[in-house]
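> Dropping the structure in here first, questions after.
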Amino acid sequence: PEDTVTSSFASFIRAARPEHLSQTVRLRSKRMILDSIGVGLVGSTTRVFDIALRYCRELYSSVAMSSVYGKPGVKLSPTLAAFTNGVATHSMDFDDTWHPATHPSGAVLPALLAASQMLPPNTKPNGLDFLLAFNVGLEVQGRLMHFSTEAHDIPKRFHPPSVVGTLGSAAAAAKLLSLSAAQCHHALGIAASLAGAPMANAATQAKPLHLGNAARLGLEAALLAARGMEANPLILDDIPGCSGFSAFYSVYQPKPLSAPGEQHEFLLEKQDVAFKRFPAHLGMHWVVDAALSVRNLFINYAGSFSPSLIRTIMLKIPVSKYINRPFPSSEHQARHSFQFNACAALLDGEVGLGSFSESSIHRQELRELLDKVVVEHPEDNVANFDKMYGEVALLLHSGDVLTGKCDTFYGHWRKPLSKESLLKKFRSNASHVLPEEKIEAIITLVDNLENLSDSSQL
């Protein structure tokens with residue numbers, strides 16, 4: 001059937017053109033690309049990345065043509081490079097976050113970087129083709145998330161990038177590889193059979209695999225479709241008695257995707273993304289800013305930060321079980337702990353890369369602060385990245401109470417990072433593995449992506 005939700009998505013992928021991207025969409029997506037590369041580069045220094053890379057190099061042999069973050073001279077097959085770089089991007093939970101909740105860039109960019117190196121020299125996509133494919137991948141993710149009200153809240157069942165990210169990767173790869181409308185159709189259906197990962201693996205080393213698999217399996221879906229594999233042509237439609245993509249959501253109301261052009265507005269035009277200032281779950285950014293605010297009040301009150309004066313630390317946070325962790329014992333648990341991030345910010349006056357080291361996590365003075373934490377869940381504080389807030393109150397032995405509250409942290413889509421802040425983050429992340437001249441070269445390439453004749457140079 002031609003008039004279906006699924007066929008409308010396939011037609012959109014095929015019909016999208018560079019001129020359909022507004023200046024706002026181009027600027028925002030280039031910021032995302034730059035940030036995601038930086039996050040992937042610093043992520044290539046992590047243990048979970050080393051495990052994934054060693055796995056790919058030892059267990060698979062194939063034509064190696066696609067580059068790996070932070071490893072000069074190392075190349076893998078395109079799908080394994082997409083997998084490894086996806087793992088790097090999410091290894092520290094430092095990558096961008098959209099609303100409804102997902103990590104959009106990490107599922108798409110690694111697939112496109114790998115695919116651009118895979119194509120023969122005379123068919124290499126240019127920078128504008130690359131930018132268009134990236135935005136097609138974002139648009140498909142965003143539209144799919146709007147099919148269910150369940151997706152608007154912090155997830156409970158499936159990790160969103162493992163679901164919508166896999167189809168976004170397939171859509172982006174299908175666009176970059178110039179698949180036909182029918183092949184785009186099947187790529188989405190194949191990707192749906194490769195999607196999904198449970199939230200229970202949050203705060204473990206397995207969580208970065210969700211982004212690695214989204215990038216890899218989406219690319220594989222597009223490659224399989226290009227070779228003639230077919231899938232259910234109604235995979236995105238709501239068919240009674242037979243679950244397609246609706247299997248991932250308890251409430252599912254799909255809508256056709258309008259054709260690109262004057263009547264179509266890309267979601268990135270009206271919904272920017274959040275960029276993280278430190279490597280932890282997005283929810284942590286509210287409590288950290290609230291904690292830093294009340295810390296300043298405390299120093300003005302007492303002259304210095306003196307934990308002995310504090311009787312109780314009250315956190316007012318939304319209900320979300322997997323990020324309510326009173327005593328985290330590993331770096332991944334710490335990145336998903338309201339309590340840890342609030343106390344680290346109070347104790348150190350900042351949260352950064354070093355905050356999640358073993359020595360930092362197990363400090364006695366930090367543990368003593370964690371012992372003082374009490375959590376409340378106000379009814380008006382909902383588990384939704386567009387509506388939640390963080391509040392940290394210090395109840396002192398003197399009877400006084402000091403309170404800090406944050407409803408929009410710096411880096412949120414309502415309060416975007418400045419160009420200077422984004423570049424500072426990128427340079428800091430990239431400096432862990434690249435010399436300064438290469439760092440500046442990447443900044444220039446991304447800034448002028450529309451003019452790049454061969455996107456594989458990126």
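The values are calculated or read from the model by the stated rules, or taken from the named source; none is laboratory data. The model shown is predicted, which means the values in this text are computed figures rather than measured ones. Cβ sites come from the backbone with ideal geometry, for glycine too, and all protein chains shown count toward neighbours. Just so you know, the surface numbers come from the protein's heavy atoms only, side chains and all, with ligands and any DNA or RNA stripped out. Shrake-Rupley method; radii C 1.70, N 1.55, O 1.52, S 1.80 Å.
> Given the peptides 125-134, 290-299, arrange them by the average over their residues of other C-beta atoms within 10 Å, most packed first.
125-134, 290-299
> Within the chain, what's the longest stretch lacking GluC sites (Glu not before Pro) that sit in DSSP loops with no more than 10 other Cβ atoms inside 10 Å?
Of all site-free stretches, the longest is 3-261.
> How big is the Rg/Rh ratio for region 346-458, C-alpha atoms only, Rh by Kirkwood, two decimals?
Here the Rg-to-Rh quotient is 1.11.
> Still on this structure: Where the convex hull is taken over the Cα atoms of region 139-221, what is its projected area averaged over directions, in nm²?
Mean shadow area of the hull around the Cα atoms is 5.3 nm².
> Okay, next question. Report the residues of region 113-152 in range of a label on residue 250: point 7 Å along Cα→C-beta, backbone N strictly under 19 Å from it.
Flagged as within label range: 145-152.
> Then there's this: Extension gain residue 410-residue 384, at 0.36 nm per residue separation less the Cα-Cα distance, in nm?
Full extension from residue 410 to residue 384 adds 7.7 nm.
> Taking the Cβ of residue 372 as the center, what net charge do the other residues with Cβ under 13 Å away carry, scoring Lys and Arg +1 and Asp and Glu -1?
Once positives and negatives cancel, what remains is -1.
> For region 345-422 and region 122-192, write down the distance between their C-alpha centroids in whole Å.
Region 345-422 and region 122-192 have Cα centres spaced 33 Å from each other.
> Further question: Over the chain, what percent of the accessible surface lies on carbon and sulfur atoms, probe 1.4 Å?
About 50 percent, which is the carbon plus sulfur part of the accessible surface.
> I want to make sure I understand the PRE zone here: with the label point 7 angstrom from the Cα of residue 403 toward its beta carbon, which residues in region 308-331 have backbone N atoms less than 13 Å away?
Inside the label zone: 314-317.
> Here is the link list: 372/425; 321/387; 387/415; 71/415; 321/424. Which ones come out longer than 23 Å on Cα distance?
Check vs 23 Å cut-off fails for 372/425; 71/415; 321/424.
> Based on DSSP H runs of at least 4 residues, each adding -39500 (n - 2.57), what is the mean residue ellipticity at 222 nm of the chain after dividing by all its residues, to the nearest 500 deg cm²/dmol?
My calculation for the chain gives -14500 deg cm²/dmol from helical runs alone.
> I'd like the distance separating the alpha-carbon centroids of region 265-334 and region 52-106, in whole Å.
Using only Cα atoms, the two centres lie 29 Å from each other.
> Taking the Cα-to-Cβ direction at residue 242 and at residue 269 and moving 7 Å from each Cα, how far apart do the two end points lie in nm?
Inter-label distance under the simple model: 3.6 nm.
> If I histogram all Cα-Cα distances within region 216-326 using bins 10 Å wide from 0, what percent of pairs lands in each bin?
9, 19, 26, 20, 13, 10, 4, 0
> Follow-up. So if I average 1/r over every pair of distinct C-alpha atoms in region 1-125 and take the inverse, what Kirkwood radius in Å does that give?
16.1
> Any idea which of 297, 86, 97 is furthest toward the positive side of the dipole for the chain, if Lys and Arg beta-carbons carry +1 and Asp and Glu beta-carbons -1?
The listed residue farthest towards the positive side: 86.
> Let me ask something additional. Note the angle between two axes, namely the Cα long axis of helix 419-430 and the longest principal axis of the Cα atoms of the chain, as a number of degrees from 0 to 90, rounded to the nearest 10.
Helix 419-430 sits at roughly 80 degrees to that axis.
> What is the Å³ per residue value for the convex hull set by the Cα atoms of region 282-406?
Each residue corresponds to 93 Å³ of Cα convex hull volume.
> Once you place label points 7 Å from the Cα toward the Cβ at residue 227 and residue 296, how far apart are they in nm?
5.7
> Under a crude label model (7 Å from the Cα following the beta-carbon direction), how far is residue 431 from residue 54 in nanometres?
Rounded to a tenth, the inter-label distance reads 3.0 nm.
> Could you state the accessible area per residue of region 282-406 in Å², with a 1.4 Å probe and every protein chain left in place?
With the other protein chains kept in place, region 282-406 gives 41 Å² per residue.
> Okay, moving on. State, as an integer percentage, the relative contact order of region 282-406 based on alpha-carbon contacts under 8 Å between residues 6 or more apart.
Value for region 282-406: 42 percent.
> Can you tell me the length gained on complete extension of the stretch residue 308 to residue 330, counting 0.36 nm per residue apart and subtracting the Cα distance?
5.3 nm
> On the first, second and third principal axes, largest extent first, how far apart are the outermost C-alpha atoms of the chain in Å?
Between the extreme Cα coordinates on each principal axis of the chain lie 72, 52, 42 Å.
> Can you tell me the orientation of helix 127-145 relative to the chain, as the angle in degrees between its alpha-carbon axis and the longest Cα principal axis, to the nearest 10?
Its long axis makes an angle of about 70 degrees.
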